[in-house]
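Here is the structure we will look at, set down as structure tokens.
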Amino acid sequence: MRIHVTYTGGTIGMVESPDGLVPGADLHGWLFRLLEQGSDLDPSKVSMSTLDPLIDSANADPTSWQAIIDDLWRFHDSADAFVVLHGTDTMAYTTSALTYALTGFGKPVVFTGSQHPLGRIESDATANVTGAFNAALSGQAEGVELFFGHHLFAGNRITKTSSWAFEGFESPVTGPVAQSGTPWHWNHFDRSGKGWLDPRPYGRHDVAVLNMVPGIDARRLEAMVTPRPEAVLIRAYGVGNIPDSEPGLTDVIQRVAGEGIPVVVCSQCQQAEVMLGRYQAGAGLAASGACSAFDMTFEAVYAKLVFLLSQGLGPERTTRWMGVSVAGEMNDLHE
């Protein structure tokens, strides 16, 4: 098999500087020495490209997602599988975003990175990169996935759970696709979706993220949506509850939705299924026309909203598509 590697930046290739960790390691040389010394894969079957400039993933935005997509398509016909090296901070956003845009790609794309730079003796870089290569070569990887800490995950079902543990990501709803070992143990589950034909490129869009907290009031909420954004994503409690006894709070959301702005409700819980109106405290959201994020992770919801806005859909179609699985990002019972 031919493997193409896209290097975007991130901790894996960083070095110390007076201002902290910055990109600068010879990742190309390190990777090919690794392949030559400890791999059955012929290094001549591996190609590599580097995004310019390299970025700390904390600086990633939707145009960064599109740069990776463009690079993958550039090498689509010359490789059988792909590995993307990426920073951990926003990797779950990027993998989610790419699942929507690459439903027609037809070849596995496996992301990975590391908690420590490759130059440190305690680094997890080697384990994660070799794991990503093994996943890509397995013949069982599909779509966009993430290998990290001995586990392979569906790209739109993950969240970063630790800034220091080697098992830094989890898939709270579905669990991992596989766990590495001798042999690997696979847990295939339904990841079907409607797909998206000829998606438009990602662009930056104004999505307001509102976190419900005890004591939030209507004045503050109104200020947070003024001027009006293109869409609103509410991180509610539990199955989609908000402090509805707070005077005027629900009215703010109803006004926003009434102005034709998509309002999506997800949960602050890592394991949840949003059911608007299940409790009285969520009935106002249901009445406002807000839509449920069902069991999607926060990263998958946010990336999906940006994807749909980038497709130029109006409010009604955006709201409708939020309830349809595009790339297996949510339970297919909701389609």
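General remarks:
- Here VAL209 fits the description: in contact with a strand residue (DSSP E or B) (Cβ under 8 Å, 6 or more places away or on another chain) and either under 21 Å from TYR100 (Cα atoms) or not in a loop (DSSP other than H, G, I, E, B) (or both).
- Take the conditions (1) at pLDDT below 95; (2) crowded, with 16+ Cβ neighbours inside 10 Å; (3) closer than 20 Å to LEU102 by Cα; LEU285 misses just one of them, which is (3).
- Subset of segment 172-199 [touching a Phe, Trp or Tyr at 6+ places or on another chain (Cβ under 9 Å) and in contact (Cβ under 8 Å) with a residue 40 or more places away in the chain]: ALA178, SER180, GLY193, LYS194, TRP196, PRO199
- Selection of segment 143-174 for residues being of a type outside the set (A, V, I, L, M, F, W, C) and touching a His at 6+ places or on another chain (Cβ under 9 Å) yields GLU167, GLU170, SER171.
- Filter result (surrounded by 24 or more Cβ atoms within 10 Å (Cβ to Cβ) and assigned to a strand (DSSP E or B)) within segment 134-154: VAL144, GLU145, LEU146, PHE147, PHE148, LEU152, PHE153, ALA154
- Listed by first and then second residue, the pairs linking a residue in segment 110-132 that is in contact (Cβ under 8 Å) with a residue 60 or more places away in the chain to a residue that is among the acidic types (Asp, Glu) and assigned to a loop (DSSP other than H, G, I, E, B), with Cβ atoms under 8 Å apart and 6 or more places separating them unless they lie on different chains, are SER114/ASP124; GLN115/ASP124; HIS116/GLU122; HIS116/ASP124.
- Residues located in segment 77-99, provided they are within 21 Å of GLY203 (Cβ to Cβ) and either assigned to a strand (DSSP E or B) or among the charged types (D, E, K, R) (or both): VAL84
- Set ALA58, ALA81, ALA25: member being out of contact with any strand residue (DSSP E or B) (no Cβ under 9 Å at 6 or more places or on another chain) and among the aliphatic types (A, V, I, L, M): ALA58
- Looking across SER123, SER138, one residue alone is closer than 24 Å to ASN59 by Cα and polar (S, T, N, Q). It is SER123.
- Listed conditions (1) within 26 Å of VAL324 (Cα to Cα); (2) outside any loop (DSSP other than H, G, I, E, B); (3) of a type in the set (D, E, K, R) are all met by LYS107, apart from (2).
- Condition check for GLY240: farther than 13 Å from ASN211 by Cβ and surrounded by fewer than 20 Cβ atoms within 10 Å (Cβ to Cβ): no
- Annotation note: of LEU276, LEU249, LEU210, the sole residue that is open to solvent by less than 20 Å² (accessible area, probe 1.4 Å) and closer than 24 Å to GLU316 by Cβ is LEU210.
- Restricting segment 274-310 to residues that are within 18 Å of the chain's Cα centre (by Cα) and assigned to a loop (DSSP other than H, G, I, E, B) leaves a set whose member that is nearest to ALA92 (Cα to Cα) is THR297.
- Filter pass, HIS188 being surrounded by fewer than 14 Cβ atoms within 10 Å (Cβ to Cβ) and within 22 Å of ALA327 (Cβ to Cβ): yes
- The number of residues in segment 89-133 being within 25 Å of GLY29 (Cβ to Cβ), surrounded by fewer than 24 Cβ atoms within 10 Å (Cβ to Cβ) and among the hydroxyl-bearing types (Ser, Thr, Tyr) comes to 3.
The values are calculated or read from the model by the stated rules, or taken from the named source; none is laboratory data. Every value quoted in this text rests on a predicted model; they were computed, and no experiment measured them. Ideal geometry is used to build each Cβ from the backbone, glycine not excepted, and the neighbour counts take in all protein chains shown. For the accessible areas, the whole protein counts, side chains as well, though only heavy atoms, and no ligand, DNA or RNA atoms are used. Shrake-Rupley method; radii C 1.70, N 1.55, O 1.52, S 1.80 Å.
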